[in-house]
């Protein structure tokens, strides 16, 4: 590896520090290692030198990263230069305090690693920068700060979208203790979450702060340390002077601390902030003063938006230079000692760089995808078989009447079946919690969580504030902590303002941590169309494309009550056994539907599947439902409301046209059951896909037809889809949604 010797701003900053250490006088009195830097501070001379060592190592990695990038040997140059005071946090926090970190946390990681056996932070950082498969954090998938042994959960957030789940983690520590479930961190741990000043204005950052303050105001322990690393600029956009202080210092239910000034002052303020957070179990805001050296990243030409005078003034605020002065002037160390520390750090970084560039890269698609959507069917089935004691079910949950006893003619609706299944699973799984807007006292808008709070208590069934980002943030934090969260999103349309909590955060965690961290959850969402005109598009939302495109997300969509029970059991087992994120999308229009063909026929009511029927008790991805499997002229493939409409249309087609139709319910929309569809398609002359969601915004029909065509299916192919439109209010809704008549007409075109 060649070392670039051309003078640049990196070299200017490095030489400024070297010149000071070459000319600085030795203090008249040398402090002992355990002696404080000055009376009144808790920072000792030894601790100050250790912090400087951490910071020097972080800085050396940043320098080498830029050299590697110029040679085409690395892929990441967002550095921590200027933010090295966060090493104080890395030193003061306990090693079992979970951390969700900003991407300029190099010095934090160096300090954190000092207390974690087996950590090699310099090499680890450079393995990430060079995208090596040997990177212990993401295995080459991205440069993220993380440590499984050091409880640093990897984040890819650049816009503070990790704050809601950090709050969820803090919230869940006390919640787990309250319900008597052991989690992965001690009950007195606190959560640290760092972010930049520009990101502090992002909606998700404000959501995280708001939800923490809301929880604290309501008397719920939420021990989270928000750390705003304020360098007063976001790429090229200045943060107004004193904006962070003015915005957050006066917030109620949030303790504010200003960590600026010399190293020992930053240490003392940070120490107090951590202590307040730990003892009071409350949210704390730590405002950490930083500068940003060398632009936003290696590709950033800072002179396009800053003058040379501004750049030079910022460089004079280099924290390593300031800390070196403080250490030397107080007698904590001699200049020569600090020079030796710098030399050693630079030599180690270069040695690690030489090693990192030789390490292997990811070279196989399967290897890249391995942690994205893990699936161990045997483990899932074993998890689903956890026992549920009938005596407890009868006495504690169902008030003496088991749901399977309610057989014909008093069979159950889809809504009642889901309610009973939730009760059974809460009894089976003491770590399971159910929450969302109106799920507690009210029992849900449609009654699906009715009586659950009375039966299982407010600690396990609780209402949240009206914010979907917060709901999904709580779920992520709870999952990481070791609970099994089942959040409810009241309507599918309400998800869209918070969907990045699934796409960018929850579903990416296993991928970017190489499977070391997961946030299992089952997100119940009421949605889809056909509510007979009720509520317009916010309550009749049939756009699922944004869910189908999320890598690794499993999507279950039941249509019948008995299927819903078995699919919910399978979803929970999949989440627990494999750490998966599952969306359980419930068709609102079918919640209370009773009939199929004629008013009063009761054909959409079902018996409750008991818990002790082995594999018959659950349904897993790939397992479809087929009605009239002997029919061969036409296969209709659909799901949810479309499945019910297809059954009605199939009966009409046989009655009116003599057409023999087989009907398949997909049940799972991700992964789609391609193999099962192919198998049944091969036995039929034609295939019609009925996609109740938008023509170009669901992808179900597109994917199924493409798979059959590419697989050489010889029969005729067609589809019926809803219009690309919002769902209007009233009878007009029928004009844009798939109808029974549409299905009949589509079938006749194929025959």
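Please treat every number below as a calculation from the coordinates, not as lab data. If you're wondering where the values come from, they're calculated on a predicted model, not measured in any experiment. With ideal geometry, Cβ positions are generated from the backbone for all residues, glycine too; neighbour counts draw on all protein chains shown.
Structure summary
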| item | result |
| --- | --- |
| Cα gyration tensor category, rounded, prolate or oblate, for region 625-750 with a/c compared to 1.5 | oblate |
| For region 9-358: rounded, prolate or oblate by the Cα gyration tensor [a/c cutoff 1.5] | rounded |
| Relative contact order [Cα under 8 Å, 6+ residues apart], region 9-358, whole percent | 25 percent |
| FRET efficiency, residue 32 to residue 12 (Cβ-Cβ, R0 41 Å, nearest 0.05) | 0.70 |
| Distance (nanometres) between label positions extended 7 Å along Cα→Cβ at residue 220 and residue 235 | 3.5 nm |
| Rounded to 10°, Cα long-axis angle of helix 414-428 versus longest principal axis of the chain | 50 degrees |
| MRE, 222 nm, helices only [DSSP H, n ≥ 4, -39500 (n - 2.57), over the chain, to nearest 500] | -12000 deg cm²/dmol |
| Theoretical gain in end-to-end length, residue 279 to residue 613 [0.36 nm per residue, Cα-Cα removed] | 115.4 nm |
| Percent RCO, i.e. relative contact order, over the chain, from Cα pairs under 8 Å lying at least 6 residues apart | 12 percent |
| Residue 594-residue 438 pseudo-label distance in nm [points 7 Å out on the Cα-to-Cβ vector] | 2.3 nm |
| Degrees separating the helix 45-70 axis from the principal Cα axis of the chain, which is the longest one | 70 degrees |
| DSSP bridge orientation in the chain - percent antiparallel, rounded to nearest 5 | 15 percent |
| Cα-projected label distance for residue 94 with residue 375, points at 7 Å along beta-carbon direction, nm | 4.0 nm |
| Gyration tensor (alpha-carbon) shape descriptor, the chain, a/c threshold 1.5 | prolate |
| Cα pair distances in region 368-512, grouped into 10 Å bins until the bin that holds the longest one, percent each | 10, 34, 35, 18, 3, 0 |
| Those residues of region 688-703 whose amide nitrogen sits under 11 Å from the label point placed on residue 716, 7 Å along Cα→Cβ | 688 |
| Gap separating the Cα centres of region 265-281 and region 102-124, nearest whole Å | 21 Å |
| Calculated FRET value between residue 19 and residue 459, using beta carbons and R₀ = 51 Å, to 0.05 | 0.25 |
